[in-house]
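Structure first, commentary second.
The values are calculated or read from the model by the stated rules, or taken from the named source; none is laboratory data. Quick caveat: nothing in here was measured; it's all calculated off a predicted structure. Note: ideal-geometry Cβ built from the backbone for every residue, glycine included; neighbour counts use all protein chains shown. Surface areas here come from the heavy atoms of the whole protein model, side chains and all, with no ligands, DNA or RNA. Shrake-Rupley method; radii C 1.70, N 1.55, O 1.52, S 1.80 Å.
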2 protein chains.
Amino acid sequence: MSAAPRRRRTGRDQLLAVALELFARDGIQATSLQGIADEAGVTKAGLYYHYKTKDEIVLDVLKPLLDALPAVTRRAEAHRTRIARVDEVLGGLIEIALYEHSGFAVLMQDPYLTRLLSEQASMRQWWDDTTALILGSDPDPQIRIGLVMFINGLAGASRDPAMAHLDDRDRRQSLLECGRRLLRQD
Amino acid sequence: MSAAPRRRRTGRDQLLAVALELFARDGIQATSLQGIADEAGVTKAGLYYHYKTKDEIVLDVLKPLLDALPAVTRRAEAHRTRIARVDEVLGGLIEIALYEHSGFAVLMQDPYLTRLLSEQASMRQWWDDTTALILGSDPDPQIRIGLVMFINGLAGASRDPAMAHLDDRDRRQSLLECGRRLLRQD
DNA sequence: GTCTATAAACCGATAGAC
DNA sequence: GTCTATCGGTTTATAGAC
């Protein structure tokens, strides 16, 4: 048996990192394959060895996040009390938003991706599951809107300069407090 | 003296309404002048009689909102207590977001506009004034992040399908409650 | 004020050499 | 795997007739 394959810094990984950065900064539509290629130090045609279309690049860039989201909801479903489920969802989403804040904002706000994912049912399914988990059998409109506001607010807040002044622990704590306030049942 | 000029439905107003709708749906970058012209029932070249560049159209579309935002902050500055200032800001922003929810989301989230406005100082100035007004002399990081989350969350929530089930009064009330929770000092 | 026609640049995508 | 060269289509923007 040969040694476990070391994680090579293949061209593919480099491309995804560059693409994500540009997607987050300029939006997907405004990011050309030429721009990605230039930033990655290859030619535009070189991208087409790895990917057949631009959409394929977009989906591959966001794939880790598209997988991470349902995983959070699944973990939260295992808890017995509502407060534990809420904290698991909030903590999981905050973790994702902080660790991949570029991707999270793109995922939640980019109109190109919204349209791309609207053809699939995965994102919609995740949202339905998550709202059902948080709202339970008594769907309070206030909490529903609070959840919408948290998701969208988290996407915006995670890349706001106000976060730069805080260390990682304080960021998590502040965002968690925001979520708890929005989802609190009185 | 002639009669006061009636508000003619001139081509210009029609263009702005069409453009805003497309900007909100597809993003500014993905909205071509051809698309605006088609939807407005004119030719692409016809747009250039009214506007010299695409950016000029974009700024004119968002001008009402760019004027409305500082007006809210100025009104809020007149109040003596913090709670009154907070409610004035929240109520004003909610009013704008609900009445012009397409424009508000574009203003806060579209990367094309973000870049366009980053060259000017007006948006930045408004944000600094508003945060200073809400935070006061003791800038609590928690409240600062709550404000960031409210602004971004409001943009997303104002065009969420969850709002469709509520009447106008309930929408205002729910969003106001969200803002009060996020900005509450304990 | 609105049109047709067109310029110049850029877009995503493909063919084929090395 | 990466390159050069190119295709067809679309973009912003302009020129000029009516």
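Is it the case that some residue within the range A:103-114 is crowded, with 21+ Cβ neighbours inside 10 Å, within 14 Å of chain B (Cβ to nearest Cβ) and within 16 Å of DNA strand D (Cβ to nearest atom)? Before you say what the answer is, go through the steps one by one.
Keep residues of the range A:103-114 that are crowded, with 21+ Cβ neighbours inside 10 Å, which gives A:103-113.
After this cut, where a residue has to be within 14 Å of chain B (Cβ to nearest Cβ) as well, the list is A:104-113.
After this cut, where a residue has to be within 16 Å of DNA strand D (Cβ to nearest atom) as well, the list is A:111-112.
Yes: one or more hits.
If residue B:88 satisfies all but one of (1) away from chain A (no Cβ under 11 Å); (2) part of a helix (DSSP H, G or I); (3) touching a residue at least 24 places away in the same chain (Cβ under 8 Å); (4) over 18 Å from residue A:148 (Cβ atoms), what's the number of the condition it fails?
Exception for residue B:88: condition (3).
Can you find even one residue in the range B:57-73 that is within 14 Å of another protein chain (Cβ to nearest Cβ) and surrounded by 19 or more Cβ atoms within 10 Å (Cβ to Cβ)?
Taking the range B:57-73 first, the residues within 14 Å of another protein chain (Cβ to nearest Cβ) are B:58.
Keeping just the survivors that are surrounded by 19 or more Cβ atoms within 10 Å (Cβ to Cβ) gives B:58.
Among the residues of the range B:57-73, at least one is within 14 Å of another protein chain (Cβ to nearest Cβ) and surrounded by 19 or more Cβ atoms within 10 Å (Cβ to Cβ), which makes the answer yes.
Cβ-Cβ under 7 Å, sequence separation 6+ or interchain: first residue in the range A:30-50 and within 15 Å of residue A:13 (Cβ to Cβ), partner of a type in the set (Val, Ile, Thr) and more than 10 Å from DNA strand D (Cβ to nearest atom). Which pairs?
A:36/A:18; A:39/A:18; A:40/A:18; A:47/A:36
Please indicate, with yes or no, whether at least one residue in the range A:149-171 is at the interface with another protein chain (Cβ under 9 Å from one of its Cβ atoms) and among the basic types (Lys, Arg).
Checked against the condition, which is being at the interface with another protein chain (Cβ under 9 Å from one of its Cβ atoms) and among the basic types (Lys, Arg), the range A:149-171 yields at least one hit.
Take the range B:25-56 and flag every residue that is more than 14 Å from chain A (Cβ to nearest Cβ), more than 10 Å from DNA strand D (Cβ to nearest atom) and surrounded by 17 or more Cβ atoms within 10 Å (Cβ to Cβ). Explain how you work it out, then say what you get.
Taking the range B:25-56 first, the residues more than 14 Å from chain A (Cβ to nearest Cβ) are B:33-34, B:36-53, B:56.
Those still in the list that are more than 10 Å from DNA strand D (Cβ to nearest atom) too: B:39-42, B:50.
Once the filter is applied, which keeps residues that are more than 14 Å from chain A (Cβ to nearest Cβ), more than 10 Å from DNA strand D (Cβ to nearest atom) and surrounded by 17 or more Cβ atoms within 10 Å (Cβ to Cβ), the range B:25-56 yields B:40, B:42.
Quick one: is residue A:142 surrounded by fewer than 23 Cβ atoms within 10 Å (Cβ to Cβ), within 12 Å of chain B (Cβ to nearest Cβ) and not hydroxyl-bearing (Ser, Thr, Tyr)? Reasoning before the result, please.
On the way: surrounded by fewer than 23 Cβ atoms within 10 Å (Cβ to Cβ): yes; within 12 Å of chain B (Cβ to nearest Cβ): yes; not hydroxyl-bearing (Ser, Thr, Tyr): yes.
Judged against the criteria, residue A:142 is a match.
Go through (1) open to solvent by less than 70 Å² (accessible area, probe 1.4 Å); (2) modelled with pLDDT of 95 or more; (3) more than 11 Å from DNA strand D (Cβ to nearest atom) and name the single condition residue A:13 misses.
Status for residue A:13: all satisfied but (2).
Taking helices (runs of 4 or more DSSP H) that fall entirely within the range A:26-85, which contain at least 1 residues that are away from DNA strand C (no atom under 16 Å from the Cβ), closer than 24 Å to residue B:109 by Cβ and at pLDDT 95 or above? Write out each step before concluding.
Working: elements: A:33-40, A:44-50, A:54-77.
Those helices (runs of 4 or more DSSP H) span A:54-77.
Within the range A:102-144, work out how many residues are in contact (Cβ under 8 Å) with a residue 40 or more places away in the chain and not in a helix (DSSP H, G or I).
Residues meeting the conditions: 3.
Could you grab me the full set of residues in the range B:145-178 that are part of a helix (DSSP H, G or I), open to solvent by less than 70 Å² (accessible area, probe 1.4 Å) and of a type in the set (S, T, N, Q)?
Listed by number, the residues that qualify are B:152, B:174.
Got a number for residues in the range B:76-102 being more than 23 Å from residue B:24 (Cβ to Cβ) and surrounded by 18 or more Cβ atoms within 10 Å (Cβ to Cβ)?
5
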